Amino acid sequence: MSNDRLNLLRRLCAASVLAALPALPALAQDDGPDLRGLSGGLELLPGTGLMDRRDGAGTPGENSGAIAQVSPPRQAAPSSNAVRRPAGNAPAARQVRSSDVPAAAKPLSAIEWLDSRPSDRVIAPGIAPGAPQGSAPLSVGLPNYDPGRRAPAPEEPPVTNSAGIPQVSTRRLEEAGATTVGLLPTTVTGLPVTLWQGADSRELARQITALDVDSAPAMQELLFMLLLAEAEPPASDGEDRLLRARIAKLRALGAVDPALALITLAGPDRSKALFSDWFDLSLIAGDETDACEVMIDRPELAPDHASRIFCLARAQDWATAALILDTATALGGFGPDQERLLTRFMLDDLDDGAVPMPPPPVVTPLLFRLSEGIGEPLPTSSLPRAFAVSDLRGLSGWKAQLEAAERLAATGAISGNRLLGIYSEGRRAASGGIWDRVDAIQTLDRALNAPGDRRAAVLKALPGAWQAATEVELEVPFAQIYGERLAEFADAPGTAGNIAFRAALLAPEPAIQADTLAPRGAEGAFLLALAAGKPQDARPYNRASDAVARGFDPSTRPPARILSLLNEGRLGEAILVAMRLYGNAMEGEMKDAEAALAGFRAMGLEETARRGALQLLLLERRG
C-alpha cells in the first residue's frame, strides 16, 4: 500500500473515531461488541471536532483546548474493533502464544529495550576542590508497571454539594517561588545571597547566555560557582527568567545533572516552562521516569502532544497514546519527522525489515530518545554538548564515550579523574586521532605508576601526553590529574622538564607547588612569583606578563563600569563584566587583561585572578 493511501486510511480511521464518540454510550446497550472502553472520559466540544475530558457530572476539564485530553479507558471486552494495543498486549499483527516462541527468540519492544539499560551517568561538574558535586546519580530504570493497572480516579467528588463560589487566594508571581535556589551555600562560595539584586532579569539572562568561557578554564570554574550559588532572584524576575537562564547555561556547558538538581530544588511543576526544561534534561540524561509520571498526572504541564504520547507509551497506556497520536496526526499536529518517529515507536512491529530513518534536521531531546527507542540511536558528536552526556551511560561504544568525555571535560562538566577513568578503560583499537591520545595518556600513566626508578620513563612519555592534551585544549584537566605528581620532574632539563614545570603551576593548588619548584629562567621566576600572589617580586618577561603585572599592581583601578556596579550593590553583574574582559584577553586583546584582573581583585576574587593570570600566560589560546 502506498504511503498516500496509508495516510488517507489513517485519517479516515481517526475521523471515524471522532464521529463515533457521542454514540458510544448508546452502542454499548446493544448486543454487539462492548465499546465502552474506547470512550473513557472523551466528549466532543461543540462545533470544534476536538475532544475534551469531562470530570465528574458535566464539569469541563481544565484543558478544553487540548487535543484528546483523555482519562484512562475502562477495560473493554475483547473485540476485533479494539484500539491497536491494549495495555499489556502485543500488536494484533504479532499475536502469538508465548509458549510458541522460545525465550531467546522473543522480540523486545521499544519500551522493554529502554527498560534494560544501565544507569552510569555524569554526576556534576568540577567546581573547586572540596566543593559539593551537584546531585547524586538518579536511577534510569523504568518502574514495574502492572499491565492491567488503571490510573487512580480523581480525588474530587463527582458532584458538588454547594453552588457557592470557593474562596481563591492570589499572590504575585515573584512571590510564588522559593526566594533562593542553589546547590552551593554562601559558606562554600563566599558570595552573598544578594548576588543578583538590583539587576534587570532580562538583561541578566542575556548576559549569561552570551558569555563564552569555552577556552578559559578559570572562568568556567567561576561561572559554575555563579550558576550554582544560592542567591535571591532580582525583584523583576517574575517568570523565573534568571533561573531558566542558569539552567540553560548549565545545559550548554554539558552539566546536565546540576541543572536537574536546580530544577528539583525550585519545583519542576511550578510552571509549564520549568517543567519543559526538566523534561528535556531528563530525556538527555535517560532518566525521564519522574517527569513522565508527573506529566501523566498533570497533562496540562505537557510541552506538547508528542511528549504525552511518549510518556503514556512508557507507562504502557497504549490505547490512550494511540488515540492521541491518530487524532493529532489527522489534524496536522505533527511534522513529518515527528510523526514517523512516533509511529515507529508505537508500532514496534514495523521495525522488522524497516528502512532506517534519516536523522531529523533539528534534533530535540524527545526526537533523540525516540530514535534511541526504535533502535536507531543518533551520534552525539554533531549535537549540542549536553547530548554527549547520554554517551556516558554505558550504552555507547568506547570511542563514542572517549569523544563525549573530552567534550565535557573541555568545559569542566566532568572532572579530570572521570576523564582519566574513561581513557583507561581499554586498549586503542586503531591509530590516529583520539586513539593516539589514548595511547599517549596511558603510556604516561603506566610510567608514573611503575615501581622502582621511573624518572626516565616519565620524561620520555611526558611530551607526547602533553601534546595529546594540547590538541583538544585539555591542559588543565591534564594538570588536575598529573600536575602535583609531575612537580618532582620539573628540574629536568629540556622540553620534558619545562612541561612538568608548567603542569605543576596549572594544578589545583599552584601556590603550594610554587614553594617546591625552582625558577626556570626569567619566565619561570615571574610565574612562580605570580603563583605565590606576588608578581611584583619578579620582572615581566613579555607583553602579556607586563599586562598581568599591571593587573596586580595595587595602584591599578578597576574599570569605571565595574566600580559603578559595585557601588550599586550589583556584584553578580560586576563579575560578569570582568569575565567578559578576561575572555577578550584570552583571545588576544591583552589590554583587557589588566582591567579584568584588577576587577576580580577589587571584588575579593583573588584566587580567581591568580589562577586566571597563570592560565593566560601558560595556555596557548591567544590569536
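Odds and ends about this structure:
- Global geometry of the range 236-392, whether rounded, prolate or oblate, following the gyration tensor of its Cα atoms and the 1.5 cut on a/c: oblate
- Straight-line reach from K534: taking Cα to Cα under 30 Å and skipping same-chain neighbours fewer than 8 places apart, the lysines in range are K591.
- Computed E for A430/E376 - FRET, C-beta separation, R0 22 angstrom, nearest 0.05: 0.35
- Residues of type lysines that K272 reaches as a straight line, Cα spacing below 27 Å, ignoring anything fewer than 8 places off in the same chain: K249
- Calculated diffusion of the range 373-506, Stokes-Einstein form, Kirkwood radius summed over Cα pairs, 20 °C and 1.002 mPa s, µm²/s: 138 µm²/s
- Segment R206-Q536, length gained on full extension (0.36 nm per residue, minus Cα span): 115.0 nm
- Along the axis of the charge dipole computed for the range 230-353 (Cβ charges of +1 for Lys and Arg, -1 for Asp and Glu, origin at the Cα centre), the listed residues T329, A252, G267 are led at the positive end by A252.
- When you filter the chymotrypsin sites (Phe, Trp or Tyr not before Pro) in the range 546-623 for DSSP loop state and at most 11 other Cβ atoms inside 10 Å of their Cβ, nothing is left.
- Each principal axis of the Cα cloud of the range 261-332 was taken in turn, and the coordinate range along them, longest first, works out to 38, 21, 20 Å.
- Spin-label pair T180/E587, simplified geometry with 7 Å Cα→Cβ offset, distance in nm: 3.5 nm
- Rounded to the nearest 20, the Cβ-based charge dipole of the range 296-426 about its Cα centre (Lys and Arg +1, Asp and Glu -1) stands at 520 debye.
- Backbone N atoms of the range 286-307 closer than 11 Å to the 7 Å Cα→Cβ label point of D269 belong to residues 291-301.
- In a simple Cβ point-charge model (Lys, Arg +1; Asp, Glu -1; nothing else charged), the range 515-623 has a dipole of about 100 debye relative to its Cα centre.
- Between the residues W196, A231, L243, the greatest Cα displacement towards the positive end of the dipole of the range 181-260, with unit charges on the Cβ of Lys, Arg, Asp and Glu, is found for L243.
- Simple Cβ-charge dipole of the range 407-503, Lys/Arg +1 and Asp/Glu -1, about Cα centre, in debye nearest 20: 200 debye
- Charge-dipole axis of the range 409-484 as Lys and Arg at +1 and Asp and Glu at -1 on Cβ define it, positive-most pick from P477, P451, A413: P451
- With contacts taken as Cα pairs under 8 Å at a separation of at least 6 residues, the range 360-454 carries a relative contact order of 15 percent.
- Length gained on full extension, I512 to R446, computed as 0.36 nm times the residue gap minus the Cα-Cα distance: 21.2 nm.
- Global geometry of the range 513-623, whether rounded, prolate or oblate, following the gyration tensor of its Cα atoms and the 1.5 cut on a/c: prolate
- Cα shape, the range 193-302, gyration tensor, a/c 1.5 rule: oblate
Laboratory data are not the source of any read-out in this text; all were calculated from the coordinates shown. Just so it is clear, the structure is predicted and the values come from calculations on it, not from any experiment. FYI the Cβ positions are ideal-geometry reconstructions off the backbone, even for glycines, and counts take in every protein chain you see.
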